[in-house]
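The values are calculated or read from the model by the stated rules, or taken from the named source; none is laboratory data. Because the structure is a prediction, the values reported are computed rather than measured. Counting neighbours? That spans all protein chains shown, and the Cβs are built from the backbone with ideal geometry, glycine included. Remember, those area values only see protein heavy atoms, side chains included, never the ligands or the DNA or RNA. Shrake-Rupley method; radii C 1.70, N 1.55, O 1.52, S 1.80 Å.
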Amino acid sequence: MVTEVALSVDLAIILLSATIVGFIANQTGQPTIVAYIVAGVIIGPAALGIVEVTELTETLSELGLAFLLFLLGIKMRLDEISHVLAPILKISIPQMFTVALVGMVISLLLGFTLLEAVLIGLAVMYSSTAVVIKMLTDKDEATSLHGKIDVGVLLMQDIVVVILLAVLAAGRPDDATEIVTTLGIVLFLVVLITIAAIGASRYVLPVVFRRIADNKDVFFLIALSWAFLFIFISHEINSILAPFGIEAYLSIEMGAFLAGLAIAQLPYSLELRDRVNPLTDLFVMLFFVSVALSLEVGDLVFYWQEAIVAAVVLMIAKFIIFFVLIDWQQFTLETTFLGSINMIQISEFGIIVGVAAHQGGFIDVEVLGFLTLLALLTMSASVYFIEFNHQLFDRAAPFLSRWETKDGFHSDKKAYKNHAVVVGYDTVTKHALPLLAEQYEQVVVADRTIDHIKTLDEKGYDTIYGDVSNATIRKDAAVKHAEFILSSSVQPNVNKVLLEEASDEATVFVEAEWVEDAQTLYGAGANSVILSPQLAARRLTDYLSLYLDDRDAFEQVVVADMELMRRDEPFLDTFTFAQGDLDE
């Protein structure tokens, strides 16, 4: 009981301190990742010493990284990254080799032994998945072209680090045969689980999610269960294969990513990623705080001068290497710059590689402290470069323009502009869609009901599954660039967001239930607010009057209305069926 209370107190202190420091950082415009690291340093052994690393904090931090990779997987639709897959391979492989070589040379010059220098080089060749994905997600740039390049390179690095960790986990190898065997097993497992995940996304998950996607709570829980299934398999892979005499290692991060990758191929991933975000933010916060908690002052600062020198040199070297390689693939100057500046830090995996190397007897604890301080210095500095990457590009563009590629690589993702956006598919929008299709070349419909999406797809409309209250859905529908917006949602907050995001030139029609809401929406800039209950009440009065005055005319109108409900044509073509009886 005492232990459980202590763990609860530690967790409460972590959450409270991170929240306070994070709030201060947010109010002063500083990145939250730095705030989390600072909070960990303050409450950890390096400063106040009121919280120490426990099994609970380690587990939560591991889950944080796993959920970050799960969210990353959900964003990776294969059809959207296939066009950049070849450039990613050509960038990532020489990048890792070159950075590892630079890291090894710097380490030798700083006085480390050859073995230590080799391992330091292998540890510093990765960029931080946690930092880059978190910052890109916060800036809503994860699905931009430079974001896809960075994410793709990070995935290649993650695959390599899984293989390296498998080798280091086995300790000092007896011979080259043992190294080759370990590499073969890990590669086989990655390929096998990838095939299983992609197969499930085609034949298993569509059936399951089609049945439960309309239930938000069950939908979310099933998705999380799917992630934990892959996390469990990855964590227990050694136990699973032990009866066959096979020793294997696979990180839970890789398992979580593959689980997300499977879901990403479904039309429901846009809805899910926004629901996973808050949970991921919590675990990521715990991850960064826990990294700082694990620091002992003596080990951390033993090579502090060498760490500062290496941090500066490696950040510059990484930017140059990435810039040359991305430019080599003929991406535009802006994409090249942004994709390079985002990747200058040393990864949290560098620390993990250092831990594995220390546990395997390859390096001393002081070298691990060097890698830890190096990663923290570069991660802390890089968040500012990422936060202000566009401003930095604007300043550097005149100088860098001499390297601009003439025939740039461009994303082939469909873009909307001067189009019509329809929110929800109901009786009103059903009859409005043909009219909009005649007026606008592009009409995109956002709806979160599976049957509606299927019906709209069959009719040939562009569709997005999800709730427009989510920023990701609105971005994919390009609400900012729409010329006409029709919302059948009666939620005032949803329609207010649409009005805020719509351009000044856009025409916006929305629905409301109450007069007060309609007045608010008109004040927010709506061109027309449809009061469905009031219109229905007025129509009911007309029906009743006609029924009392002229039974034959009433029956004709009822027949006409029944015909109207069976037809797909817009209202203007069906008014003739009512013969104008109710409107005269």
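Key figures for this structure:
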read-out	value
Length-normalised contact order of the range 419-533 in % [C-alpha pairs under 8 Å, at least 6 apart]	23 percent
Gyration tensor (alpha-carbon) shape descriptor, the range 254-328, a/c threshold 1.5	oblate
Restricting the range 478-515 to GluC sites (Glu not before Pro) in coil, as DSSP defines it, with at most 14 other Cβ within 10 Å	505, 513
Heavy-atom accessible surface of the range 419-533: percent carbon and sulfur, 1.4 Å	46 percent
Spin-label pair residue 204/residue 480, simplified geometry with 7 Å Cα→Cβ offset, distance in nm	3.9 nm
Furthest towards positive pole of dipole, 133, 21, 64, structure part the range 1-396, Cβ charges	133
Cα-based shape type of the range 189-312, given that a ≥ b ≥ c are square roots of the gyration tensor eigenvalues and the cut on a/c is 1.5	oblate
Additional length obtainable on full extension of the chain from residue 211 to residue 27, 0.36 nm per residue less Cα span	61.9 nm
Probe 1.4 Å, protein heavy atoms only - accessible area per residue of the range 1-396 in square angstrom	41 Å²
Nearby lysines by direct alpha-carbon distance to residue 148 (threshold 23 angstrom, same-chain neighbours under 8 apart not counted)	75, 90, 134, 139, 318, 406, 413, 414, 417, 475, 480
Dipole of the range 419-533, positive end: most advanced residue of 453, 495, 520 [Cβ charges, Cα centre]	453
Theoretical FRET efficiency, 1/(1+(r/R0)^6), r = Cβ-Cβ of residue 515 and residue 427, R0 22 Å, to 0.05	0.55
Accessible surface of the range 1-396 [probe 1.4 Å, protein heavy atoms]: carbon and sulfur percent	68 percent
Nonlocal amide H pairs with residue 508, under 5 Å, H built at 1.01 Å	485, 527, 528
Efficiency of FRET from Cβ geometry, residue 301 and residue 239, R₀ 41 Å, rounded to 0.05	0.55
